[in-house]
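> Have a look at this one before I ask anything.
Read the figures in this text as sums done on the coordinates, not as results from a lab. Treat the numbers as computed from the prediction; the structure is a model and nothing was measured. Neighbour counts are summed over all protein chains in view; Cβ atoms, including those assigned to glycine, are modelled from backbone coordinates with ideal geometry.
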There are 2 protein chains.
Amino acid sequence: MNSFAILFGGVSYEHEISIVSAITLKKVIGQNTVFIFCDANREFYLVDAKDMKASYFSSDRYKKCDKLSLQQGGFYKKTLFQEKKIEFQTMINLIHGKEGEDGTISSLLDFFGIEYIGPRIEGSVISYNKEFTKLYALSRNIEVLDYEVLKNTDVRKCSFDYPVIVKPLRLGSSIGLSIAKNEKEFDYALDVAYEFDDTVLIEPFYDGIKEYNLAGAKTKDGYIFSFIEEPLKQSILDFDKKYLDFSRSEGVNKAKISKDLQIFMEESFKKLYSNIFEGAIVRCDFFVKDDKLYINEINPVPGSLANYLFDNFNEVISDIYLPKNRIVPIEYRYINSINAAKGK
Amino acid sequence: MNSFAILFGGVSYEHEISIVSAITLKKVIGQNTVFIFCDANREFYLVDAKDMKASYFSSDRYKKCDKLSLQQGGFYKKTLFQEKKIEFQTMINLIHGKEGEDGTISSLLDFFGIEYIGPRIEGSVISYNKEFTKLYALSRNIEVLDYEVLKNTDVRKCSFDYPVIVKPLRLGSSIGLSIAKNEKEFDYALDVAYEFDDTVLIEPFYDGIKEYNLAGAKTKDGYIFSFIEEPLKQSILDFDKKYLDFSRSEGVNKAKISKDLQIFMEESFKKLYSNIFEGAIVRCDFFVKDDKLYINEINPVPGSLANYLFDNFNEVISDIYLPKNRIVPIEYRYINSINAAKGK
């Protein structure tokens, strides 16, 4: 039986990124992998491994593939007389951005009883909404940068000194994000961000802040952590650079940090991960400023699952702990007792 | 065309309650309603209005109904040569508890493009997890009772004086909830709550605290609010009483409160509702203690949609504002530009 199925594409601004991410992961996890593409119309297609090239999707050639339907237990292909289940052990949710990371895909896979690597609903909602990430991190005693939330019906002002960074509340991948150095730029930054969300998050922008990325997951034997990377300096990641980032399978700029900071970062990761991110390979993006650690972002579906940060990635996806849904007994106890009382 | 479809049943401890709730709502919203039942195996069935009786489900007779599948655009019934879409305008998500209120059903309906009344993913996750409700309410400047969160791997103690109330972190309907007056009872209360969730929430228990329920929704013309009810006194709702509560269509004990408190409660409701509960008819359960208002619970799928609290319920479900998903353009801009650069 095939070990893994990669689910990619999806309806989000990261649709293309997800394709690139899947092509990259194909090289890393190798043989016996099934590829299932979710297109712009939210239809699922079974893609042959040999066709896993970006142009196959941009040219619509994927439409010749078999369409799949979701039913209890898995994805099914219709044949002339029956429906045939697509066989695999574990699905990898590699849909980045909106429906892949906001809980929609998680819900689908949970509901239809498909085993998968990826965030569950709670972790998705908490990490996808940047305000919820802040509230959640603070409740776990992890520091966050100051912030303000503005709705598109609010007065266009913030109480921080410039420069500030303006982000749509809910997108990933730096889309719609800008740095504003004065009021005019702030106004424009709001216009841009409101294109993507009716709510924005504003933070003071600190030039030269240190950034560190740490990926990890809970396995049956405890946590596995990646190297810690200090991403190459640029004042801000733009979408093109981020795009390249999703196709990475090597070239890590290992952070030169003290053992103490490394351990502190790993302990912070655990506090954030524990109890809502089980089942996912998560990349936490931390900041360090004036000797203090801040969480910036929790990525529950990082580009190509941050494989390039691990030297034992295949172990991670084989050993990851996948939470099971609790069994809920449905027994009609109350209806039966009421009917009994009525003499029925 | 049928106006509404009621989706009920579902995999949760409130499965039976949802059946009772749907039968009640049938009487309230009347003609031209479609009934779709989700059974313990998460299969969907089209139920004839005349069969909407509790024993029809507890006796498994519903299994003779047509099975439905979820596909883009709606629920479909298989006929000999084709698949036929079940026609209705708006679905009412009336699945109480777990999958109905934790975001799973919302995700399904969003993904398959079905218009519905009910909470979206964010509102679901925030209201279903009692700790997230607290964090969220505090961020909106709404008071909450003190609380502590305990995991089943933690030391079994809390820092409040007895009596305390112990609740599973994620269930609704008072299931698994107990009041503990001493250490021994506390230990037993934890045993009970951990049966339902690996995390529990503990609060001081205040006997004689005032409770008020207010339901409402955003419509195209602003908010519609229900009467405010002071639920009949009992030290705590047990499951049997709650069960009856879900079949209510009348008999409201209107709260005798000042106009000021009413307005303050409505304003608090708006702060909680705004931006994550749009699309749902929500019932907020408030406490008043020492002249201070606290939010206790946000119910985004209240029993029979709290119809009994409104004197214009049919207006509410007709006029409710239903948020639309933003259109995400999928254009293959990056893949095309990279292929162009490569001369493809």
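> Considering only the label points, 7 Å along Cα→Cβ from Cα, what distances in nm to one decimal separate A:Lys85 from the same position in each other copy, shortest first?
From this label point to the equivalent ones elsewhere in the assembly: 3.0 nm.
> With θ taken as phi - 60° and the coefficients 6.51, -1.76 and 1.60, list the Karplus ³J(HN,Hα) couplings across segment A:12-27 in order, rounded to whole Hz; mark glycine and proline as x.
Values, residue by residue: 6, 5, 9, 3, 5, 4, 5, 4, 4, 4, 5, 4, 5, 5, 4, 5 Hz.
> GluC sites (Glu not before Pro) within segment B:293-344: which are DSSP loop residues with at most 16 other Cβ atoms inside 10 Å?
B:Glu331
> Can you tell me which aspartates and glutamates have their Cα less than 19 Å from the Cα of B:Lys256? Leave out same-chain residues fewer than eight positions away.
Those aspartates and glutamates meeting the cut-off are B:Glu211, B:Glu229, B:Glu230, B:Glu266, B:Glu267, B:Asp285, B:Asp290, B:Asp291, B:Asp311.
> Below 10 angstrom from the Cβ of B:Ile228, what's the summed charge of the other residues (Lys, Arg +1; Asp, Glu -1)?
Around B:Ile228, the surrounding residues sum to -1.
> Taking the label point as lying 7 angstrom from Cα along the Cα-to-Cβ axis, what are the distances from A:Arg333 to the corresponding position in the remaining copies, in ascending order and in nanometres?
Relative to the other copies, A:Arg333 has label-point distances of 5.6 nm.
> Once phi is turned into θ = phi - 60°, what whole-Hz ³J(HN,Hα) does the Karplus curve with 6.51, -1.76 and 1.60 give for every residue of segment B:105-114, x standing for Gly and Pro?
5, 4, 4, 4, 5, 4, 4, 8, x, 9
> Need one word for segment B:284-330: rounded, prolate or oblate. Basis is the Cα gyration tensor (sqrt eigenvalues a ≥ b ≥ c); a/c below 1.5 gives rounded, then a/b vs b/c decides. If you can, show how the numbers build up before the last one.
Values: a/c = 3.19, a/b = 1.55, b/c = 2.05.
In terms of gyration-tensor shape, oblate.
> If you don't mind, there's one more thing I want to ask. Convex hull volume of the Cα atoms in the protein assembly as shown, per residue, in Å³?
Values: hull volume 121.4 nm³, N = 688.
Each residue corresponds to 176 Å³ of Cα convex hull volume.
> Let me ask another. What pairs from A:Lys77/B:Lys26; A:Lys151/A:Lys181; B:Lys27/B:Lys324; A:Lys220/A:Lys289 go past 26 Å between their alpha carbons?
Distance filter (> 26 Å) returns A:Lys77/B:Lys26; B:Lys27/B:Lys324; A:Lys220/A:Lys289.
> With only alpha-carbon atoms counted, please give the Rg and Dmax of chain B, in Å.
Both quantities, over Cα of chain B: 21.9, 77 Å.
> So for segment A:148-204, considering every pair of alpha-carbon atoms, how many percent are separated by more than 12 Å? Before the final figure, lay out each step's value.
Working: 904 of 1596 pairs.
Roughly 57 percent, once rounded to a whole number.
> Among the listed pairs B:Lys63/B:Lys130; A:Lys98/B:Lys98; A:Lys218/A:Lys259, which are separated by more than 27 Å between their Cα atoms?
Going by Cα-Cα distance, B:Lys63/B:Lys130 fall outside the 27 Å limit.
> So who's got an amide H within less than 5 Å of the one on A:Gln71, skipping anything under 5 residues away but keeping other chains? H placed 1.01 Å off N, in plane.
A:Tyr76
> When only C-alpha pairs under 8 Å and at least 6 residues apart count, what is the relative contact order of chain B, in percent?
Dividing the mean separation by the residue count of chain B yields 17 percent.
> Give me the distance between the Cα centres of segment A:106-161 and segment A:75-90, rounded to whole Å.
So the two Cα centres are separated by 36 Å.
> With a sphere of radius 10 Å drawn around the Cβ of B:Asn129, what net charge do the other residues whose Cβ falls strictly inside it have (Lys, Arg +1; Asp, Glu -1)?
Spelling it out: positives minus negatives among the neighbours equals -1.
> Let me ask something else about it. Tell me the volume per residue, in Å³, of the convex hull enclosing the alpha carbons of segment B:4-117.
Enclosed volume per residue, from the Cα hull, is 97 Å³.
> Follow-up. Per the helix-only calculation at 222 nm, which mean residue ellipticity applies to chain B, given -39500 (n - 2.57) for every DSSP H run of n ≥ 4 and division by its residues, nearest 500 deg cm²/dmol?
The helix contribution divided over chain B gives -8000 deg cm²/dmol.
> Within segment A:78-131, report the chymotrypsin sites (Phe, Trp or Tyr not before Pro) that DSSP leaves as loop and that have at most 14 other Cβ atoms within 10 Å.
A:Phe81
> Scan around B:Phe35 for amide H atoms under 5 Å from its own, H built in the peptide plane at 1.01 Å from N, and keep only partners 5 or more places away or cross-chain.
B:Ile6, B:Val47
> Take peptide B:320-329, look around each residue's Cβ out to 10 angstrom, count Cβ atoms belonging to other protein chains, and average those counts.
The shielding value for this peptide is 3.
> Chymotrypsin sites (Phe, Trp or Tyr not before Pro) within segment B:147-209: which are DSSP loop residues with at most 14 other Cβ atoms inside 10 Å?
On the way: sites: B:Tyr147, B:Phe160, B:Phe186, B:Tyr188, B:Tyr194, B:Phe196, B:Phe205, B:Tyr206; in loops: B:Tyr147, B:Phe160, B:Phe196, B:Phe205, B:Tyr206.
For chymotrypsin sites (Phe, Trp or Tyr not before Pro) across segment B:147-209 that sit outside H, G, I, E and B with at most 14 neighbouring Cβ atoms in 10 Å, the list reads B:Tyr206.
> Could you tally the net charge around B:Phe186, taking each other residue with its Cβ under 14 Å from the Cβ of B:Phe186, Lys/Arg +1 and Asp/Glu -1?
That works out to -3.
> If each of B:Asp319 and B:Glu143 carries a label point 7 Å out from its Cα toward its Cβ, how far apart are those two points in nm?
Reported label-point gap for B:Asp319 and B:Glu143 is 3.3 nm.
> Still on this model: Once you charge only the Cβ atoms, +1 for Lys and Arg and -1 for Asp and Glu, what is the size of the charge dipole of chain A about its Cα centre, to the nearest 20 debye?
1300
> Please give the charge dipole size of segment A:148-204, origin at the Cα centre, charges +1 on K and R Cβ atoms and -1 on D and E Cβ atoms. Round to the nearest 20 debye.
60
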